[in-house]
């Protein structure tokens, strides 16, 4: 705005009259940490890079689907009627479940989320160090408000405690996110939950108020993947009569088929292990090559060993560098360590390549034997230890009967991904201040454990440590409901409820971002009035929406700022603008008590 006028003419001045406003931040943007089939966009590697997606289709394009699983099915035939009875002998236990978890998330109302791939299926089983590296990457994304890792539930009890602790600590540090934890269905009592879950997570309110736990796992309507990359169904079946005898094949033929089946399973396991080893060796060799190139280039221009090390760390990450390289005292020792490590990784890759080739040959041999022995029994109308695709060619009706039985056996999942979807759905329909409970879980057949009232008493109110666990329970005519709304700080009056904690996170983050405009503004009454008006308008809107308790705004919240109110003269001299905000958050009616009594007749 012009402050002096020297040239004759007309001057236009626009005077701002409206106060600044607070833009509400998103409240249910989860970061899913886990393993994916792949992690690439074109030639760009997406491993350990947070990627924002908005649909399951986007996930499939960037990260693939999941591994094919194998069922063991027992098929009985009644000789007199020719009818078949199909029973599941053994359901698979998937090594990786992130894809199924994303299906559940979107089925329950999920929206935008971040995927942090910590590796591919070729890396073998879930690993705590990889999960923690992925969690660290979530820290770099400001938009994330929920931390979820369904695959962490596949880890040991101790390792899951490491994940939970690290996630809660990240929430405490950043104060802008919340963690959803899974309590395993292998725990059948409250004592088990305490021993194997509660004892392995933090106990301070400052950390546990940022998380909530849910029990038990749930059986979903999602079907297991049954086909490999060639679209061959990899399941096998066994066919018997009612009394358990093989139908038509000789005992020797059935035994050969059984042996071939067992050998094939062992060969597939070995092949998978060797494939994982080869993948790891390839990655290690690639890192070693990169270190060697960087070290050679830097050594040509400097002898400063610390500068060379920093260049290596910047190129490949300090976690990927061997201790012999880190501990090298001078440039000569460093060059020797780099050469030795490269030689070692080259040798490892050669050995892994040879072992993989051997395993691949053995697998192909086992497949051939399985096919030969399977054909021998199929020729007699017997399906003992037979691949499902061959059953289809021989008896399509039986194939469909088996397939229907398998597909009706839903994938069992930890509940965190479904709960993340519920959070998103409730936030969108009611608001973050509504407790995400008494909500039916979509695409769920049943919980894996039936929780009684007595069991939930101890889960919901933990008198020892206050670490409440929310139950998931079935109700007749209502489906499977989320029947709990407490944080892990279940005995704390301020932060007992999930909705209260998440409301404060929402308000704190929204106001924090809005007040950044006042940094370096004059710390005077004009700025104080503008900031106070902005915040009061925002909280007044929330009060009218039902987020705050009180029949009048002054009963629901207050905003105080100013000299003698929230600041001293010294605060102003030292550049501190202090705003105090109080809110009366609405709390869920967790216990509804109806009191009845007899009334004397009056007429």
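Between residue 465 and residue 573, the contour length at 0.36 nm per residue exceeds the Cα-Cα span by 34.5 nm.
Over the C-alpha atoms of the chain, the Rg to Rh ratio, Rh being the Kirkwood estimate, stands at 1.08. Residues 100, 215, ranked from the fewest to the most other C-beta atoms within 10 Å, line up as 100, 215.
Each of 417, 130 has some number of other Cβ atoms within 10 Å of its Cβ, and from fewest to most they run 130, 417. The modelled label-to-label distance for the pair residue 407/residue 600, using points 7 Å beyond Cα in the direction of Cβ, is 7.0 nm.
Were the residues from residue 454 through residue 555 laid out at 0.36 nm apart, the gain over their Cα-Cα distance would be 32.5 nm. In degrees between 0 and 90, to the nearest 10, how far off the longest principal axis of the chain does helix 157-174 point, with axes built from Cα atoms? Approximately 20 degrees, to the nearest 10. Sorting the Cα pairs of the stretch 519-603 by distance into bins of 5 Å, from 0 upward, gives 3, 12, 17, 14, 11, 10, 8, 5, 5, 4, 3, 3, 2, 2, 1, 0 percent per bin. Annotation for the stretch 453-528 versus the stretch 102-153: alpha-carbon center distance of 22 Å.
Modelled label positions at residue 375 and residue 6, each set 7 Å beyond Cα in the direction of Cβ, lie 10.1 nm from each other.
The angle between the Cα long axis of helix 525-545 and the main principal axis of the chain comes to about 50°, on a 0 to 90 degree scale. If you take the square roots of the eigenvalues of the alpha-carbon gyration tensor of the stretch 249-380 and sort them as a ≥ b ≥ c, do you get rounded (a/c under 1.5), prolate (a/b over b/c) or oblate? Prolate is the answer for the stretch 249-380, as a/c is 1.5 or above and a/b outweighs b/c. Here the peptides 271-281, 516-526 are ranked by packing, the mean other Cβ count within 10 Å, and the order with the highest first is 271-281, 516-526. Could you tell me whether the stretch 393-543 comes out rounded, prolate or oblate from its Cα gyration tensor? Rule is a ≥ b ≥ c as square roots of the eigenvalues, rounded for a/c under 1.5, then prolate if a/b exceeds b/c, otherwise oblate. Because a/c hits 1.5 or more and a/b exceeds b/c, the stretch 393-543 counts as prolate. Taking label points 7 Å from Cα along the Cα-to-Cβ direction, residue 23 and residue 49 give a separation of 2.5 nm.
The distance linking the stretch 550-603 with the stretch 23-64 is 40 Å (Cα centroid to Cα centroid, whole angstrom). Rounded to the nearest 5, the antiparallel percentage of DSSP beta bridges internal to the chain is 60%.
For the Cα atoms of the chain, what angle does the longest principal axis make with the long axis of helix 128-138, in degrees from 0 to 90, nearest 10? Long axis of 128-138 versus the principal axis of the chain: about 40 degrees.
Can you compute the FRET efficiency between residue 139 and residue 397 using 1/(1 + (r/R0)^6), with r the Cβ-Cβ distance and R0 = 60 Å? Round to the nearest 0.05.
0.65
Any read-out appearing in this document is the output of simple, stated calculations on the displayed coordinates, not a laboratory observation. These figures come from a predicted structure and were not determined experimentally. FYI the Cβ positions are ideal-geometry reconstructions off the backbone, even for glycines, and counts take in every protein chain you see.
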